[in-house]
Amino acid sequence: MYYPIYRPRRLRRTEGFRRMIRETILHIEELIYPIFVTYGRDKREEISAMPGCYRFSIDNITKEVREAAELGIPAIILFGIPDKKDEIGSEAYNPKGVVQEAIRAIKTEIPKIVVITDVCIDEYTSHGHCGVVRDGEIDNDATLELLAQMALSHAQAGADIVAPSDMMDGRVKAIRKVLDEHGFQHTPIMSYAAKYASSFYGPFREAADSIPKFGDRKSYQMDIANSREAMREIRLDIEEGADIIMVKPALPYLDIIWQARQKFDLPIAAYNVSGEYAMIKAAASQGWLDEERVILESLTCIKRAGADLILTYFAKDVARLLRK
Ligand code: PBG
């Protein structure tokens, strides 16, 4: 089929045609909204590198969650910022910790929203690493027990899904085992399976106050240059019992999402991370990009690459745009 018999522009001519042959359509149902919860009362602190995102105290968080639920967003993911940190991140698995209390408040007031929790101790450790530090190194196996306890405390507080983001080897298996032993066989695990040592997490680390005090995360998060290794990481997590797999970040890693889509049949989530958010916000504030269009384009492309679910700080904006 060649020009002039075939003219691809014929079906692009009107919005009616374009709508009929559009291959990828975003839905509100695919969005997961990340929210930061912190100690204290009546807090709503804007994160400077993430305009429009806040750290909420527990008394203010239900309002934010209700707003998301009313927009039709089906799920949130919670990140906690505790008031005290220590070497082993004790607040992470404190049954009365900030996230545990936030889950209880949210599940009481807005029971229908799916509450996912980030399982990782970096926001809770004084050194800011995602694992226990021994002799200047991150001790994998000593961390597993803490992660399992953290996930269990979230499930006991009412979390619907737990999402380990630490990248320790064997964490999915360790978490699955402890959840099952305590009667939480039905709590799904969404694993950050292919999580890269990315510089795009910068604004998040400011938000969560989790910048590592020494070194970096390259001994546990993946090398940005690797893709075959990502498929291995995903396979391992599936074998260990993951129910949903995640690729993170999203936009610079569309090839990874695409490969994972070809190879695996589990639901795939993609994390449109803080740096991806900050770039759009910064450019839009200068009038250099059309914010609404760039948001919709970014998320549509993440979905086109193969993501079933998208974690995004733009969730509320997107829900509003899609409702229009
Ligand atoms: C670790 C965690 C991080 C993010 C989500 N979970 C930070 C990190 O690995 O340094 C980053 C999310 C983002 O940048 O939006 N608890």
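The values are calculated or read from the model by the stated rules, or taken from the named source; none is laboratory data. Not measured: the values here are computed from a predicted model. As a convention, Cβ positions derive from the backbone with ideal geometry for all residues, glycine included, and neighbour counts pool all protein chains shown. Only protein heavy atoms, including side chains, enter the accessible area calculation; ligands, DNA and RNA are left aside. Shrake-Rupley method; radii C 1.70, N 1.55, O 1.52, S 1.80 Å.
Per-atom-type breakdown for the chain gives carbon and sulfur 52% of the accessible area (1.4 Å probe, protein chains only).
Please calculate the 1.4 Å probe accessible area of His182, with all protein chains present, and give it to the nearest 10 Å². Accessible surface of His182 is approximately 90 Å².
Given their separation in residues at 0.36 nm each and the Cα-Cα distance between them, Asp216 and Tyr2 gain 71.6 nm when the chain is fully extended. Counting only lysines at least 8 places from Lys112 when in the same chain, those with an alpha carbon closer than 20 Å to its own are Lys63, Lys316. Largest accessible area first, the listed residues Asp59, Asp265 line up as Asp265, Asp59 when surface is computed with a 1.4 Å probe on the assembled protein chains.
Taking a Cβ cut-off of under 13 Å around Phe56, the surrounding Lys, Arg, Asp and Glu residues balance to a net charge of -1, with basic ones at +1 and acidic ones at -1. Taking every alpha-carbon pair under 8 Å whose residues sit at least 6 apart, the chain reaches a relative contact order of 18 percent. With a 1.4 Å probe rolled over the protein heavy atoms of all chains, the accessible area of Lys213, Lys316 falls in the order Lys213, Lys316, largest first.
Give, as a single signed number, the net charge of other residues whose beta carbon lies under 10 Å from the beta carbon of Ala269, with Lys and Arg counted +1 and Asp and Glu -1. List each step's numbers first, then the result.
Numbers: positive: Lys248; negative: Glu30, Asp308.
Cβ neighbours under 10 Å give a net charge of -1.
Remark: the Asp290-Glu15 segment gains 97.0 nm on full extension, using 0.36 nm per residue and subtracting the alpha carbon distance. Heavy-atom accessible area for Tyr253, with the other protein chains in place and a 1.4 Å probe, reaches approximately 20 Å². Between helix 291-305 and the chain there is an angle of about 80 degrees, using the helix long axis and the longest principal axis of the Cα atoms.
Once both labels are modelled 7 Å past Cα along the beta-carbon direction, what's the Ala283-Arg104 spacing in nm? About 4.5 nm separates the two model spin labels. Taking the Cα centroid of the range 161-193 and of the range 1-53, what is the distance between the two, rounded to the nearest whole Å? Each part's Cα centre sits 30 Å from the other's. For the range 282-299 versus the range 85-137, the spacing of their alpha-carbon centroids is 32 Å.
Rolling a 1.4 Å probe over the protein heavy atoms gives the chain an accessible area of 47 Å² per residue.
Quick one: angle between helix 228-240 and the longest Cα principal axis of the chain, in degrees between 0 and 90, rounded to 10, please. Helix 228-240 sits at roughly 60 degrees to that axis. In the chain, the longest principal axis of the Cα atoms and the axis of helix 274-285 are about 50 degrees apart. Ordered by 1.4 Å accessible area with all protein chains kept, Leu146, Leu251 run largest first as Leu251, Leu146.
The solvent-accessible area of Ser285, taken with every protein chain present and a 1.4 Å probe, is close to 90 Å². Divided by 2.2 N^0.38 Å, where N counts the residues, the Cα radius of gyration of the chain comes to 1.01.
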